[in-house]
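Here the structure is laid out as structure tokens; the discussion comes afterwards.
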Amino acid sequence: MVNGLSKICVVLIGDIVDLAEKEVLFTIESLNIEYKYLGRTGLLLFLETEEMLAEYLCYRCSMVREVTKIILESDFLNLYKNFNLNLFNIEKTKSICVRIKSYEHKYKPEVQKLERIIGEFFYKAGYKINLENPEIIIRGYIISEKIFLGILLAKSYRKSYEERRPSKRKVFHPSSMIPKFARLFVNLSKVEINEFLLDPFCGVGGFLIEASFFVKHCIGIDIDIRMLKGAKENLKFYNIYNVDLINASALKLPLRKIKYIATDTPYGIASSTKGIRHSELVKGFLNELSNYKGILACILTTESNLNQNFKIILKYPQKVRSSLIRWIYILSNYG
Ligand SMILES: C[S@@+](CC[C@H](N)C(=O)[O-])C[C@H]1O[C@@H](n2cnc3c(N)ncnc32)[C@H](O)[C@@H]1O
């Protein structure tokens, strides 16, 4: 292990697990923090990196459930042979509790017994057990015949996404995306915290709201003034003041410099393209964007063939309805 780095397990949320993994890696890269990719098994992503990142990943990444520092890894059947309490290095004054999750159906009935036995090891060594409000949670994951045991470092607060659902905002619009996806797509743009993020098709502000919590400054552009009024009210509703809104067309961007973009282009009946065909709109937008250098953009479109002056870093399909696929692109024209 590289000096000062720990092995951590990031537990991902299952909706689109490949993108959830990318969200975590891109976020760490956007912070310029060192990490080593150790692999992913199911929803468990293993990295070697700084422990202090755990809180931040839970705060920023919408597809992260929790982060645990891994202390011990063992074949499930050999756990007791390999278990060594001293490895955990926990102060004797701390109260603990053991919580294990099995991703293997066949081991689910064993979980409670295992929690009790490991808890007893700690109890016999002089630790206080507190099942309601422990100071330290010993966390375990059983997967692929293995068990990973460690100390829970941080948990994400899932309720906050619920609180910002489109239906709970001041101004509702059916084209607006649910917060956990809006935030995922913002993070896929690799936006750095001290930069600004542009959403050139911002609608009532779904992406802007999410980005505003960790990006220094955001700019939203929309051709429809009513949508911008909706965005303004929504931002005010959540006390967000680091976002500027501009009434303009994404086909003629009124900005001198752009670096990071996250946007959901209009398609379907819920959002208007103002009479232009979706494919023409996206083509025109990318054409306009190619006037700027050093762009990193996460763009959602139903176009399956973006053949422009951009390097495609990622192209990922997402089913919207049985007959409609939306493509998630990460594009760049760096260097
Ligand atoms: C899918 S909605 C954006 C939803 C937003 N991402 C959210 O989550 O709240 C697309 C928006 O693009 C806007 N739009 C359509 N044509 C445009 C253009 N040429 N330039 C800028 N905005 C445009 C529409 O008015 C609509 O508000």
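A short reminder: the numbers here are calculations on the coordinates, not readings from a lab. Just so it is clear, the model here is predicted, and its values are computed rather than measured. Heads up, the Cβs are rebuilt from the backbone with ideal geometry, glycines too, and the neighbour counts pull from every protein chain shown.
Across the range 190-196, coupling constants 3J(HN,Hα) worked out from phi with the 6.51/-1.76/1.60 Karplus curve, θ = phi - 60°, read 6, 4, 8, 5, 8, 9, 10 Hz, and Gly and Pro carry x.
Report note on the peptides 320-329, 189-198, 250-259, 43-52: ranked by the mean count of other C-beta atoms within 10 Å, highest first, their order is 189-198, 43-52, 250-259, 320-329. For the chain, the Kirkwood radius over C-alpha pairs fed into Stokes-Einstein at 4 °C and 1.567 mPa s yields D = 60 µm² per second. Site pair ILE325 and GLU163 shows an inter-label distance of 3.8 nm when each label is modelled 7 Å from Cα along Cα→Cβ. Placing +1 on the Cβ of every Lys and Arg and -1 on the Cβ of every Asp and Glu, with no other charges, gives the range 269-335 a dipole of roughly 160 debye about its Cα centre.
If R0 is taken as 41 Å, the Cβ-Cβ distance between ARG99 and ILE225 corresponds to a FRET efficiency of 0.20.
Ordering TYR80, ILE13, ILE33 by the projection of their Cα atoms onto the charge dipole of the range 6-155, which places +1 on the Cβ of Lys and Arg and -1 on the Cβ of Asp and Glu, puts TYR80 at the extreme positive end. Each Lys and Arg Cβ is given +1 and each Asp and Glu Cβ -1; about its Cα centre, the range 1-89 then shows a dipole of about 200 debye. Expressed per residue, the C-alpha convex hull volume of the range 151-201 stands at 124 Å³.
In this simple spin-label approximation, GLU233 and GLN308 carry label points 7 Å from Cα along the Cα→Cβ vector, and these lie 3.2 nm apart. The Cα atoms of the range 1-88 cover 40, 31, 19 Å along the three principal axes, with the biggest extent listed first. Its Cα centre serving as origin, the chain has a Cβ charge dipole (Lys and Arg +1, Asp and Glu -1) of approximately 640 debye.
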